[in-house]
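Peer 1: This is the structure I have questions about; it appears just below.
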Amino acid sequence: MQNLVLFTSKDRDTLLKLRKGESKFGEHIQLISNLTNIYDDISSLDVDYVIFGISEDIGVYANHGQTGTYKAWEASVKVLLNIQNNSYTNPNRVLILGHLDYSEARNIVNEKPSKKNIAKARDFVDTIDKDVTYLVSSIVKAGKTPIIIGGGHNNAYGNIKGLSLAKNERVNVINFDAHTDFRAEEGRHSGNGFSYTFAEGFLKNYFIFGLHENYTSDKLLKTLNKVKAIKYNTYEALEVRNELIYNTELERGLSHVSTKSFGIEIDCDAIENIPSSAATPSGFSVKQARQFVHYFAKHENASYLHICEAAPTSKTETKVGKLITYLITDFIKANGH
């Protein structure tokens with residue numbers, strides 16, 4: 001694959017911070033040194049999880065959002081490699097594949113968001129979609145579970161389509177998000193990955209967990225209320241007015257998506273005070289996000305984890321890396337046991 005950069009032993013050794021008497025996660029992960037055919041190379045490995053990053057924020061730019069999400073992969077892998085190897089973390093079940101790199105194409109995000117530039121960015125998101133779709137589909141067909149890190153929420157499209165193609169059926173999704181990302185099919189961007197996959201017949205049941213009432217248009221609410229395959233709750237109903245109970249809503253969400261293969265989408269915009277493309281001062285806690293991942297990952301039909309929209313800076317990269325690493329290991333612990 002042209003845009004896939006493999007994660008090498010040299011990359012790992014550069015990032016590892018070894019300490020006497022300790023064994024680090026990164027010392028025990030699996031790597032691929034040469035890639036000939038993704039399906040063949042992955043299916044022969046004795047691993048359960050394949051982690052890869054998407055270093056892009058073109059989809060966010062195409063949605064007039066705050067860029068910087070391309071940095072999340074690098075911030076995450078630095079932390080992940082240096083957590084402890086122990087009976088809880090099981091790194092030997094993990095392959096770190098590498099990341100999709102769009103460093104040349106993302107020069108456009110530094111340009112004024114004119115109508116022409118936005119259109120150009122939306123066209124390029126189609127290229128990213130194809131790459132993500134191919135990777136996710138290949139990983140799932142090989143019998144492994146993808147964990148996708150970084151980039152904008154536009155990448156939900158490739159995750160859903162890839163899973164659907166691998167399973168040869170429409171699939172379901174639970175989305176921990178302040179926004180629907182079910183906006184108009186006006187060219188691909190970070191705000192319409194779910195509407196496109198629904199319209200194209202890859203997404204069946206969709207549940208949005210924690211929608212923010214202030215940032216959802218009346219038109220979108222009417223659409224959500226009209227489509228039986230879409231269910232949601234709002235952050236305000238859960239955490240402000242206490243009209244809904246968090247654990248009860250977890251159960252309702254699971255009942256809506258667990259009848260077939262489903263993806264777990266985590267948008268960092270939903271987590272309070274996390275640097276992201278649409279950071280919020282009022283949102284779910286990190287603890288709630290971790291509980292969410294744990295709850296859904298336990299189900300046998302949980303088929304991928306996607307953590308997106310985090311936009312770390314040099315000052316916040318460790319914070320973001322730790323958050324994403326917690327969510328990755330929470331998924332693996334719950335899903336593997």
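Computed from the coordinates by the stated procedures, all read-outs in this text should not be read as laboratory data. Quantities reported herein were computed from a predicted structural model and do not represent experimental measurements. Cβ atoms come from the backbone with ideal geometry, glycine included; neighbour counts cover every protein chain shown.
Peer 1: Can you tell which of Thr223, Thr234, Thr197 shows the greatest fluctuation in a Gaussian network model of the chain with Cα springs below 10 Å?
Peer 2: Comparing Thr223, Thr234, Thr197 in the GNM, the peak value goes to Thr223.
Peer 1: Given springs between every Cα pair under 10 Å in a Gaussian network model of the chain, which of Leu203, Leu81, Leu35 has the largest fluctuation?
Peer 2: Of Leu203, Leu81, Leu35, the Gaussian network model singles out Leu35 as fluctuating most.
Peer 1: Something else now. So, R0 is 56 Å and r is the distance between the beta-carbons of Leu244 and Lys20; what FRET efficiency does that work out to, to 0.05? Could you put the intermediate results ahead of the total?
Peer 2: On the way: r = 50 Å, r/R0 = 0.89.
E(calc), rounded to 0.05, equals 0.65.
Peer 1: If the elastic network links every pair of Cα atoms under 10 Å, which of Glu169, Glu22, Glu213 fluctuates the most in the Gaussian network model of the chain?
Peer 2: Checking each option, the largest mean-square fluctuation is seen for Glu22.
Peer 1: Normalised by the residues of the range 4-336, what does the relative contact order come to in percent, with Cα pairs under 8 Å and at least six apart?
Peer 2: Numbers: 727 pairs, mean separation 67.6, N = 333.
That works out to 20 percent.
Peer 1: Given points 7 Å out from each Cα along the Cα-Cβ axis, report the Ala334 to Asp218 separation in nanometres with one decimal.
Peer 2: With each label placed 7 Å out from Cα toward Cβ, I get 3.7 nm.
Peer 1: Sticking with the crude label model, points 7 Å out along Cα→Cβ, report the distance from Asn225 to Leu6 in nm, one decimal please.
Peer 2: 5.4
Peer 1: I've got another one for you. Among Thr234, Gly187, Leu18, pick out the residue whose Cα is farthest towards the positive end of the charge dipole of the chain, where Lys and Arg carry +1 and Asp and Glu carry -1 on C-beta, about the Cα centre.
Peer 2: Positive-end residue among those listed: Leu18.
Peer 1: How much length, in nm to one decimal, is gained on full extension between Glu251 and Lys130, taken as 0.36 nm per residue of separation minus their Cα-Cα distance? If you can, show how the numbers build up before the last one.
Peer 2: On the way: separation 121, 0.36 × 121 = 43.56 nm, distance 3.33 nm.
Gain on extension, Glu251 to Lys130, equals 40.2 nm.
Peer 1: Expected output is a single nm value to one decimal: the length gained when fully extending between Thr36 and Ala237, i.e. 0.36 nm times separation in residues minus the C-alpha distance. What is it?
Peer 2: Working: separation 201, 0.36 × 201 = 72.36 nm, distance 5.01 nm.
Fully extending the segment from Thr36 to Ala237 adds 67.3 nm.
Peer 1: Once both labels are modelled 7 Å past Cα along the beta-carbon direction, what's the Lys116-Leu45 spacing in nm?
Peer 2: Each label point is offset 7 Å from its Cα along the Cβ direction, giving 4.3 nm.
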